[in-house]
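The values are calculated or read from the model by the stated rules, or taken from the named source; none is laboratory data. Here the structure is a predicted model, which means the values were calculated and not measured. Here the Cβ positions follow ideal geometry from the backbone for every residue, glycine too, while neighbour counts run over all protein chains shown. In case anyone asks, the SASA skips ligands and DNA or RNA and just uses the protein heavy atoms, side chains included. Shrake-Rupley method; radii C 1.70, N 1.55, O 1.52, S 1.80 Å.
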Amino acid sequence: DTGNGEQLYECPMCSLTCTDIQILEEHVDLHLEEHNFSEGTGMFHCDEDLELAQQLQTEEDERQRSEEEKREREEFKKLQRQYGLDNSGGFKQQFLKNMEREVDRGRMQPFEYHKRKADMMESLASGIDDGKTKTSGVIEALCKYYQNENKDVRRVWLSAGVDHFHSSLGDRGWGCGYRNFQMLLSSLLQNSFYNDCLRDTTLIPSIPKIQSMIEDAWREGFDPHGASHFNNRLHGSKAWIGACEIYSLLTSLRIKCQIIDFHKPTGPMGTHPRLFEWILHYYSADNEGGAKVVCTSKPPIYLQHQGHSRTVVGIEEKKNKSLCLLLFDPGCSSQQMQKLLKQNSDGTGLRLLRKFVGSLKEKQYQIVAVDGVLSLEEKAARCRASQVLTSEKIP
């Protein structure tokens, strides 16, 4: 009240004094409209910011996804190259390329190049290995050596006779699985028990021929999961093979075998003593006599781990009860293996073959062990089983 009877009204938002209530209401309405407009503008900016943030996040997600896909493609190509699935050719192409390199470096004369090329082409045409990487008679030489060895070997069990095959210019870096199959087959071919199974395979096949034989096994229905990994094709590639392919091939030939999977270490420091014990039992179960040197009729054993495979041809038991495997390695050359044929050997060459428990420390090992012949019905049953499970795990 102004004292002269005039009523005053104060704005609750800015303290402005009005003499008319209607004017004050209009004034307050202006305040509210301004406030609402300001809030609406703020919301408008907020929506814009949110949309921009979402767009930036989408672009970043797409960039990361693109980079991840690129990395995956590069990794896949790397794996394809590593495992010979990059369509860069197979045994023949690598053989010729490596021989050309030898000529360029002056390590091979042109006439030798043409001769070896002709030999290689003949081998591929016949499907028979040329035998140029083969060393025979090592098991027999080992028998003689151990008869006279009196230092630290208490007993030794040796497989049936087996030829050693090493990698050549055509399969260096990827052919170990095929070469180990050749070793195993060389032993089976010397055993009349397997004559019926191997009547169509009387000579050691070449690596391309082995690839075709595995493809034949896949076509019969063996291991469809493994076949799909190779797109059902090995021939003409540098594809690595492993225990499952060896199992499928042997079983397709009606050779009874099994895969044993030592899927984790069973000893200290990442060692696999149960692998050694299994192999000892394999060789000694039917050969419990007291002889120091036991030349068994057992075929050698295919031994696989990540990146390489070898052939087990025997096992030593030392006087201190420790075990030592005897392995044929496709990486050893004929020149190295020839040293083992000398009857007066002092045993130093055995370092090529010996592997103690502490020497095998890969995370996982698989073995393929042959143990007889399958009937046609048993072969069919194993074919069906391989479509579900092909290996037994050792706990």
Straight-line reach check, residue 355, cutoff 17 Å on alpha carbons, 8 or more apart in-chain or any other chain, hits among lysines -> 318, 319, 321, 363
Out of 293, 263, 335 - ranked by how far each Cα lies towards the positive end of the dipole of segment 261-383, with unit charges on the beta-carbon of charged residues - the top one is 335
With the 8 Å Cα cutoff and a minimum separation of six or more residues, segment 222-364 has a relative contact order in percent of 22 percent
So the carbon and sulfur contribution to the accessible area of the chain, 1.4 Å probe, in percent, is 50 percent
Percent antiparallel among DSSP beta bridges confined to segment 136-393, rounded to 5, stands at 85 percent
Amide H neighbours of residue 237 at under 5 Å, excluding residues fewer than 5 places away on the same chain, with H built from the backbone geometry, are 91
Taking Cα pairs closer than 8 Å and at least 6 residues apart, the relative contact order of segment 136-393 in percent is 32 percent
Rounded to the angstrom and largest first, Cα extents along the principal axes for segment 245-395 equal 50, 35, 34
Descending packing, highest mean Cβ count within 10 Å first, for 264-276, 108-120, 212-224, 304-316 is 304-316, 212-224, 264-276, 108-120
Taking a straight Cα-to-Cα line shorter than 24 Å from residue 70, and setting aside same-chain lysines fewer than 8 residues away, one finds 78
Sorted on mean Cβ neighbours within 10 Å (highest first), peptides 136-143, 184-191 come out as 184-191, 136-143
Rounded to the nearest 10 degrees, the helix 207-220 long axis (Cα) sits at an angle to the longest Cα principal axis of the chain of 70 degrees
With the charge dipole of segment 136-393 built from beta-carbon charges (+1 for Lys and Arg, -1 for Asp and Glu) about the Cα centre, the Cα from 369, 204, 304 projecting farthest to the positive end belongs to 304
Answer in debye to the nearest 20: the dipole magnitude of the chain about its Cα centre, from +1 Lys/Arg and -1 Asp/Glu charges placed on Cβ, is 6200 debye
Checked against the structure, the computed Cα extents along the principal axes in Å among [x] 112, 71, 46; [y] 180, 54, 33; [z] 140, 56, 49 is the one labelled [z]
Summing -39500 (n - 2.57) over every DSSP H run of at least 4 in the chain, dividing by its residue total and rounding to the nearest 500, the 222 nm mean residue ellipticity is -14500 deg cm²/dmol
Surpassing 24 Å at the alpha-carbon level, of the pairs 144/256; 132/339; 292/361; 238/264, are 144/256; 292/361; 238/264
